[in-house]
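A short worksheet on the structure shown next.
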Amino acid sequence: MAPGQADCPAQRGLRINEIFLSLQGETSRVGRPTAFIRLTGCPLRCRYCDTAYAFHEGRTMAIDHILDAIRPYGTRLVTVTGGEPLAQPACHDLLRRLCDQGFDVSLETGGALPIGAVDPRVARIVDFKTPDSGESHRNLLANIDLLQPTDQVKFVICSRPDYEWSRAFLQQHDLACRCEVLFSPSHGVLPAVQLADWILADTLPVRFQLQLHKYLWGDARGH
């Protein structure tokens with residue numbers, strides 16, 4: 001966000017926690033330079049949340065100013081994340097404007113809010129919550145029928161019961177036939193090799209992933 005930039009009336013913009021350039025740490029775009037737009041606010045309180053600072057911190061920015069902030073990064077890849085970006089209705093306007101400007105846009109959402117109104121040009125990364133998150137009861141199952149091949153579904157797995165729940169969810173809803181499915185160990189909670197062994201033992205049709213940014217920069221903000 002540009003130094004000295006004035007706040008804008010709420011009806012003209014969104015509450016933004018931070019805007020930064022980093023390597024995409026997850027999804028099929030892992031390792032690629034990406035502009036991140038992190039929105040403030042989230043209705044969930046996952047036990048492993050690593051962005052609690054985004055629950056309340058932020059400033060209101062007009063969409064034009066958000067676009068101005070990311071253009072100097074020189075990358076077409078943009079990820080809108082949170083918090084929970086869809087908790088702000090104007091997020092849909094931001095996603096549409098980003099696509100109109102020629103950016104290749106992905107949205108990281110917790111899966112508790114409806115994704116049907118998201119611009120179809122956006123790749124939706126839907127993070128269905130496992131039991132150990134404490135928020136699995138908030139998963140909006142109606143989102144499953146809205147998934148497209150360009151979307152991805154993510155499960156952050158903390159334990160063997162989490163894994164078994166995710167495996168059953170995957171099979172019950174035939175997720176691998178709808179879009180790519182990502183299984184990720186909760187960083188610092190479940191050893192990565194343990195999850196890898198479970199996936200191999202069951203030959204699951206999922207992509208194993210680590211959070212690259214955490215191995216490079218830890219939990220440092222702006223990465």
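Of the residues examined, Ile199 is not one that is out of contact with any Leu (no Cβ under 6 Å at 6 or more places or on another chain), closer than 18 Å to Gly110 by Cα and among the β-branched types (Val, Ile, Thr).
Just to be sure, is Pro89 within 30 Å of Asp162 (Cβ to Cβ) and either part of a loop (DSSP other than H, G, I, E, B) or in contact with a Pro (Cβ under 7 Å, 6 or more places away or on another chain) (or both)?
Working: within 30 Å of Asp162 (Cβ to Cβ): no; either part of a loop (DSSP other than H, G, I, E, B) or in contact with a Pro (Cβ under 7 Å, 6 or more places away or on another chain) (or both): yes.
Taking the combined requirement at face value, the residue does not satisfy it.
A single member of Asp132, Asp127, Asp119 is of a type in the set (Asp, Glu) and over 17 Å from Cys49 (Cα atoms), and it is Asp119.
When the range 92-116 is filtered for residues that are within 21 Å of Ala54 (Cα to Cα) and not in a loop (DSSP other than H, G, I, E, B), the ones remaining, listed by number, are His92, Asp93, Leu94, Leu95, Val105, Ser106, Leu107, Glu108, Thr109. Against the numbered list (1) under 16 Å from the mean Cα position of the chain (by Cα); (2) under 28 Å from Arg97 (Cα atoms), Phe183 comes up short only at (2).
Taking Val153, is it in contact with a Ser or Thr (Cβ under 8 Å, 6 or more places away or on another chain), not small (Gly, Ala, Ser) and not in a loop (DSSP other than H, G, I, E, B)? The answer is no for Val153.
Selection of the range 147-161 for residues being under 12 Å from His187 (Cα atoms) and either of a type outside the set (S, T, N, Q) or touching a residue at least 60 places away in the same chain (Cβ under 8 Å) (or both) yields Val156, Ile157, Cys158.
All conditions in (1) farther than 26 Å from Ile37 by Cβ; (2) in contact with a strand residue (DSSP E or B) (Cβ under 6 Å, 6 or more places away or on another chain); (3) not β-branched (Val, Ile, Thr) hold for Asp127, with the sole exception of (1).
So is Asp219 without any contact (Cβ under 8 Å) to a residue 24 or more places away in the chain and surrounded by fewer than 18 Cβ atoms within 10 Å (Cβ to Cβ) or not? Write out each step before concluding.
Numbers: without any contact (Cβ under 8 Å) to a residue 24 or more places away in the chain: no; surrounded by fewer than 18 Cβ atoms within 10 Å (Cβ to Cβ): yes.
No; evaluated as a whole, the condition is false for this residue.
Going through the range 32-53 one residue at a time, which ones are small (Gly, Ala, Ser) and modelled with pLDDT under 95? Passing the criteria: only Ala52.
So that you can scan it fast, the table gives a plain yes or no per residue for (1) at pLDDT 95 or above; (2) farther than 18 Å from Gly25 by Cα; (3) in contact with an Asp or Glu (Cβ under 9 Å, 6 or more places away or on another chain); (4) of a type in the set (Ser, Thr, Tyr):
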residue	(1), (2), (3), (4)
Lys129	yes, yes, yes, no
Asn143	yes, yes, no, no
Cys158	yes, yes, yes, no
Asp162	yes, yes, yes, no
Leu170	yes, yes, no, no
Val181	yes, no, no, no
Gly218	no, no, no, no
His223	no, no, no, no
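When the range 70-101 is examined, which residues are found to be free of Cβ contacts under 8 Å to residues at least 40 places away in the same chain and of a type in the set (A, V, I, L, M, F, W, C)? Scanning the range 70-101 gives Leu86, Leu95, Leu98, Cys99. For Thr109, the conditions (1) farther than 22 Å from Arg32 by Cα; (2) buried (at least 17 other Cβ atoms within 10 Å of the Cβ); (3) in contact with a Lys or Arg (Cβ under 9 Å, 6 or more places away or on another chain) are fulfilled apart from (1).
Only residues that are closer than 14 Å to Pro43 by Cβ and over 16 Å from the mean Cα position of the chain (by Cα) were counted in the range 94-134, giving 1. Listed by first and then second residue, the pairs with beta-carbon distance under 6 Å, at least 6 apart or on different chains, first residue in the range 166-190 and assigned to a loop (DSSP other than H, G, I, E, B), second among the charged types (D, E, K, R), are Cys179/Asp151; His187/Lys214.
The values are calculated or read from the model by the stated rules, or taken from the named source; none is laboratory data. Quick caveat: nothing in here was measured; it's all calculated off a predicted structure. For neighbour counting, all protein chains shown are included, and Cβ atoms are generated from backbone atoms with ideal geometry for every residue, glycine included.
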